[in-house]
1. State which residue pairs qualify: first residue of a type in the set (Lys, Arg) and inside segment B:19-40, second residue assigned to a helix (DSSP H, G or I) in any location, beta carbons under 7 Å apart, and separation of 6 or more residues or different chains.
2. Does segment B:97-105 include one or more residues that are among the basic types (Lys, Arg) and touching a helix residue (DSSP H, G or I) at 6+ places or on another chain (Cβ under 9 Å)?
3. Identify, please: which residue in segment A:66-89 is touching a residue at least 40 places away in the same chain (Cβ under 8 Å) and away from DNA strand C (no atom under 16 Å from the Cβ) and is, among those, surrounded by the fewest Cβ atoms within 10 Å (Cβ to Cβ)?
4. So which residues in segment B:9-56 are within 14 Å of DNA strand D (Cβ to nearest atom), surrounded by 14 or more Cβ atoms within 10 Å (Cβ to Cβ) and small (Gly, Ala, Ser), if there are any at all?
5. Sort out which residues of segment B:57-86 are within 14 Å of chain A (Cβ to nearest Cβ), more than 15 Å from DNA strand D (Cβ to nearest atom) and under 15 Å from B:ALA34 (Cα atoms), and write them in order of number.
6. Residues that are within 29 Å of A:THR86 (Cα to Cα): which strands (runs of 3 or more DSSP E) entirely in segment B:57-134 hold 1 or more of them?
2 protein chains.
Amino acid sequence: MGRVQEDMKRSGSCGLPPALEVMGERWSFLILRAAFNGIVHFENFSSELGIARNILSDRLSRLVRHGVLQRTPCEHDRRKVEYRLTEKGCDLLPAMLALRQWGEKYTMRTPANPVLVDTRDRRPIAPIRIRAADGRELCWRDLAWQDRSEPS
Amino acid sequence: MGRVQEDMKRSGSCGLPPALEVMGERWSFLILRAAFNGIVHFENFSSELGIARNILSDRLSRLVRHGVLQRTPCEHDRRKVEYRLTEKGCDLLPAMLALRQWGEKYTMRTPANPVLVDTRDRRPIAPIRIRAADGRELCWRDLAWQDRSEPS
DNA sequence: GCGGAAGAGTTTCGATTCGCCACTTAATTC
DNA sequence: GAATTAAGTGGCGAATCGAAACTCTTCCGC
């Protein structure tokens with residue numbers, strides 16, 4: 001067995017390192033949250049997050065480089081620039097909410113407010129869970145690693 | 001840290017900043033992944049992740065301090081120490097998997113292998129999604145913020 | 001018991017990154 | 001055309017990271 005295979009065996013071909021390459025830095029998730037909240041301009045990110053301007057500049061261009069945000073100069077006011085979530089960026093919402101819900105559950109004194117609701121029935125969304133292909137909820141004990149080529 | 005309080009003032013009481021306070025640093029999620037893979041000893045974390053020993057030491061005690069890992073000296077060999085996931089730590093699994101699945105979807109050349117399966121039917125787990133209270137899958141457009149005291 | 005080795009850190013120190021503040025540049029408003 | 005706004009960039013001291021060497025305790029073989 002070659003070294004590459006051994007490496008794969010040890011930690012598998014895992015999507016976590018590349019994800020952290022993009023989102024693992026200090027402000028990335030907070031910038032993402034702001035973007036989900038409708039912030040699009042540099043100055044608004046800056047004042048909303050209280051982040052240093054040079055760091056913000058670096059993080060925004062990093063997120064753009066990785067395709068999470070799209071940078072478009074504003075039509076009607078060409079001083080302004082819009083940073084908008086791409087589809088790839090929107091797909092980070094489950095990860096962000098899972099992290100947020102964990103933070104709410106464990107490290108907050110008061111219950112969260114305001115709360116995220118479904119627009120159709122105005123009820124709070126469900127906690128994010130791991131599910132089997134058929135929809136059953138799973139916990140850590142129910143999970144196992146399996147090689148793709150292995151027979152079931 | 002005072003910054004969290006400031007953040008709360010600005011954008012509501014959100015669980016994300018405290019979650020990032022715990023898990024936002026460079027190696028925290030990778031250490032967590034290793035813990036989920038059954039790693040318990042300092043030396044194994046070190047060789048598995050290729051992280052500098054001083055940083056690993058700092059991250060582990062940070063995770064212990066925040067109640068994600070529990071540190072217990074080994075019974076039968078008192079040179080060794082075990083770092084095990086607490087319930088609070090186990091509850092990070094959905095967030096970690098959501099991030100991992102995102103990384104697999106967008107930033108990996110080859111499909112992931114091995115793959116995480118349900119032990120009961122040996123089928124791969126479902127993608128992690130946001131759901132309404134009644135189980136319907138939701139996307140970003142279906143979500144809204146609502147004050148707790150507000151009438152529905 | 002004793003020499004050697006393993007496990008879990010700690011120290012040291014150079015390299016990198018962070019973060020505050022001032023500055024620049026271009027577009028817009030008055 | 002003067003002042004203001006938006007989006008950055010540059011300088012510089014402080015904090016953090018990272019690799020390697022070192023410490024300290026515990027275990028193993030003899």
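1. Sorted first by the residue in segment B:19-40, then by its partner, the pairs are B:ARG33/A:LEU16; B:ARG33/B:MET96.
2. Keep residues of segment B:97-105 that are among the basic types (Lys, Arg), which gives B:100, B:105.
Among the residues that remain, those that are also touching a helix residue (DSSP H, G or I) at 6+ places or on another chain (Cβ under 9 Å) are: B:100, B:105.
Yes.
3. Kept after step one, since they are touching a residue at least 40 places away in the same chain (Cβ under 8 Å), are these residues of segment A:66-89: A:66, A:68, A:81-85, A:89.
From what is left, the residues that are away from DNA strand C (no atom under 16 Å from the Cβ) are A:68, A:83-85, A:89.
On the way: A:VAL68: 25, A:TYR83: 23, A:ARG84: 13, A:LEU85: 19, A:GLY89: 21.
Looking at the filtered set, the residue picked out is A:ARG84.
4. B:GLY24, B:SER28, B:SER46
5. B:VAL68, B:LEU69, B:ARG84, B:LEU85, B:THR86
6. Details: elements: B:69-73, B:81-85, B:115-118.
Strands (runs of 3 or more DSSP E) meeting the threshold: B:115-118.
Coordinate-derived values only; no laboratory data. Every value quoted in this text rests on a predicted model; they were computed, and no experiment measured them. FYI the Cβ positions are ideal-geometry reconstructions off the backbone, even for glycines, and counts take in every protein chain you see.
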